[in-house]
Amino acid sequence: MGMGTPLDSPLPPVSTDKQYKRHFLGVDIPLLLTMIALLVFGLLMLFSASWDFSIVWLEKHPLYVFNRQLIWVGIGLFVAAVLTFLDYHLWRKLAVPTMLITIAALVGVLFVNEIRLGAARSLLNGSVQPSELAKLMTIIYLAVWLYSKRAHLHDIQLGLLPLSIILGIIGGLIYLQPDLSATATVLVLGGMLFFLAGGDIRQILFLLIAAVIAAWLVVQTSQTGQNRIHEYLTGVKDPTQSSYHVLRSLEAIINGGLFGMGIGQGATKLTGLPVPPTDSIFAVIVEELGLFGAVILIGLYGLLVWRGMAIAWRAPDLLGALLASGIVFWIGIEAVVNMAVLVGLLPFAGNALPFISAGGSNMVASLAAIGILLNISRQRGEMGFEEEFQERRAYSAVVDLRGRNRRRRVSRPGRG
């Protein structure tokens, strides 16, 4: 950045009236309502998906999984409320200590060695999965780091090399659990943020090639990776030879038809559909609510992504834009991967369905992310009503945000 650019200059003093607007108005209502709709939808479907699972597989009370999820939703909403009113610029001070805590938790998982579903991924008897929290912390840390290094991203020694080291540490610790899907998610998010921050295209291409080579090496050296790729390719050639998980999911989806069998009436969750409350809950949704329910759910995710990109587009500075875009891409990736896996479009991955799947860490992290988004939306500046009509431009923000971040630096004097 050159001398005297808006991003390098302090924010101008804000009048009392403007301070009032910035602190008490401006929360993105469509985003808030979408979050509430997803939570209600998720709890309703989890109640159905977890009843028999709690009894048969966990040998607990039928409401065991559901009640635990209610607790996590409560904790997540509290965290989201706090972060909604916590100026996102404070993450410039908090990013390093919180990332160090996250790394310590990832290391702790390896030493505790609490095995669940064949991997050491959790602490406190499965209540905390550091890899889920690491996804959000990676977005926050990299957004802050890229913002601080924005003038040097074209320098390999100050841009690409440190970024690769950061992603290597986080991704490597997650890979050792092993959690291949979370590792891939972190690496994809890192590359995407580097691109949006204005990283050199040649460096991005190099990063992409390195990622492909690394993925190939992982598949060659990991029995889990080899098995997943083999099952996926077999299913692509002949869908009737897909993995057991995919076959049972497709059975549930076919049973659902257009309008479903009714909430609580699904049969596949009782006859061998793997982990209905978590990885397979989308199959339960389609079986009980049909294609109609699936379209509603996908529409809610689409609305959330749209609002997130609108917030990124109107963020006061590059830091807000990177945080918002990183968060919305993360939630979108998680949802797409979870649903695509169950219909055989992608190799098996353990990505949760955001706001829907049972699990405390993902729920709290997702709600915390929404809290940060809401805070960014509250600081979008003094937007007049006429600017609201320009929000349709946010549809193109995915491909134009990179250029818009550059324009912002010279066209919005007085903003940080």
**OP:** Distance between Cα centroids, the stretch 139-174 to the stretch 303-333: provide it in whole Å.
**Re:** 19
Original post:
Using the Karplus equation 6.51 cos²θ - 1.76 cosθ + 1.60 (θ = phi - 60°), what ³J(HN,Hα) coupling, rounded to whole Hz, does each residue of the stretch 290-302 give in order, writing x for Gly and Pro?
Top reply: x, 4, 4, x, 5, 5, 4, 4, 4, x, 5, 5, x
Subject >> Backbone HN-Hα couplings from phi across the stretch 67-82 [Karplus 6.51/-1.76/1.60, Hz, Gly and Pro as x] >> reply: 5, 4, 5, 4, 5, 5, 4, x, 4, x, 5, 5, 4, 4, 5, 4
Subject >> Under-5 Å amide H pairs with Val128, H placed in peptide plane, nonlocal only >> reply: Leu123
Original post:
By its C-alpha gyration tensor, with a ≥ b ≥ c as the square roots of the eigenvalues, how is the stretch 122-208 shaped: rounded for a/c under 1.5, else prolate for a/b larger than b/c, else oblate?
Top reply: prolate
Subject >> Cα-centred dipole magnitude for the stretch 232-298, charges only on beta-carbon of K, R (+1) and D, E (-1), debye, nearest 20 >> reply: 60
Original post:
Want the number for Leu291 to Phe85: 0.36 nm per residue separation, take away the alpha-carbon distance, what's left?
Top reply: 70.4 nm
Original post:
When only C-alpha pairs under 8 Å and at least 6 residues apart count, what is the relative contact order of the stretch 137-239, in percent?
Top reply: 25
Original post:
Where does each of Phe194, Phe355, Phe85, Phe47 land when they are ranked from fewest to most other beta-carbon atoms within 10 angstrom?
Top reply: Phe85, Phe47, Phe194, Phe355
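What's the exposure ranking of Lys269, Lys60, Lys237, going from fewest to most Cβ atoms within 10 Å?
So the ranking, lowest neighbour count to highest, is Lys237, Lys60, Lys269.
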Original post:
How much length is gained on full extension from Ala104 to Leu270, taking 0.36 nm per residue of separation minus their Cα-Cα distance?
Top reply: 55.8 nm
**OP:** Pop out the ³J(HN,Hα) list for the stretch 306-319 in order, Karplus 6.51 cos²θ - 1.76 cosθ + 1.60 with θ = phi - 60°, rounded to Hz; leave Gly and Pro as x.
**Re:** 4, 5, x, 5, 5, 5, 4, 4, 9, 4, x, 8, 5, 4
Original post:
How much FRET efficiency would the formula 1/(1 + (r/R0)^6) give for Ile254 and Leu158, where r is the Cβ-Cβ distance and R0 is 45 Å, rounded to 0.05?
Top reply: 0.25
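Every number here is computed from the coordinates shown, using simple stated rules; none is lab data. Note that the coordinates shown come from a computational prediction; the quantities given were computed from them, not determined experimentally. Don't worry about glycine lacking a Cβ; one is built from the backbone with ideal geometry, like all the others, and counts go over all protein chains shown.
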